[in-house]
Amino acid sequence: LPSPPTLPSPPTLPSSATQPSVLSQPPRHTQPNQLPRSLPLTPHSSPLTPHSSPFTSHPSPLTSAPVFHTYMSYGKPIGLLAEASACTPVARGSALKLKESSSVLLVTGIANAKPLRDYVQLHYKLERHLNYPDHQVFSTRDLEKIKQLLQKNPSWHLVTTAKDAVRLMHSNIPGWVIPIEIRFFSEENATAFSQLVLSASH
C-alpha cells in the first residue's frame, strides 16, 4: 500500500509577537472608566432596598438613547378591603393606618417571601408568618386558620402582598396590603423621564 501523503506543518508564530492579547483589551461596547458593575450588596440588602446607583448617567455607553435606572421598593400599606374595591381614592384616604411596630400576621403565597419578611420585621412586630407555596389558592381551611389566629390575637394585623390580596379579598378578612413600587434613583431622573414621556405623546 502507498504511504499516506505528508501534510505540511502549520506555521509557527515568533514568541515575541507584537499583537496584543484580545483579553487585554476592554470590550468594544465599553469606554474607559465605564465598565458595567454589579449593585453593591450588603448582608442585609435586597432588590427592594433603596441604594445608590453605581451606573453611569444617561446616555448609556451602550446606546445613544437615554437610559433610566430604577429599583423596587415597598409602598405604604393599603387596607385589604380597599384593595378589593379597586383602591378608590376614597378608600386610600381612609384615616386608618398601620402604625409602626404593630403586631403583624404575615400571609404570603409567593416564590420568595424573604424580602417582604425582612421589611415587615424592620418596620413592624412580626408575630407569625404563614408562608404558603407560590400561586397558593387559599382553601376554606386556610382561611379559617387565618381567621382563628386573628380572633385569638385581637392586636394582630393581617399583612399580605398585592398578589395574595386578589385571592383573599373575597374572604372579608380585614388586613393590609404592602404594594411594590418602582422608584428612580433621583428626582432629576424621574422628572426627565416624565418629560420624555410627555414629549413623545404630543
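The values are calculated or read from the model by the stated rules, or taken from the named source; none is laboratory data. These numbers were taken from a predicted model, which means no experiment stands behind them. Ideal geometry is used to build each Cβ from the backbone, glycine not excepted, and the neighbour counts take in all protein chains shown. Heads up: the accessible areas ignore ligands, DNA and RNA and are worked out on the full protein's heavy atoms, side chains in. Shrake-Rupley method; radii C 1.70, N 1.55, O 1.52, S 1.80 Å.
Worth pointing out:
- Positions within segment 145-167 being open to solvent by 80 Å² or more (accessible area, probe 1.4 Å) and in a helix (DSSP H, G or I), in sequence order: Lys145, Gln148, Gln151, Lys152, Val166
- If only residues of segment 168-190 that are assigned to a helix (DSSP H, G or I), under 22 Å from Gln151 (Cα atoms) and of a type in the set (A, V, I, L, M) are counted, the one that is modelled with the lowest pLDDT is Met169.
Residue-by-condition table, conditions (1) at pLDDT below 95; (2) surrounded by 18 or more Cβ atoms within 10 Å (Cβ to Cβ); (3) on the phi < 0 side of the Ramachandran plot; (4) not in a loop (DSSP other than H, G, I, E, B):
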residue: Val107; (1), (2), (3), (4): no, yes, yes, yes
residue: His129; (1), (2), (3), (4): no, no, yes, yes
residue: Ala192; (1), (2), (3), (4): yes, no, yes, yes
residue: Leu198; (1), (2), (3), (4): yes, no, yes, yes
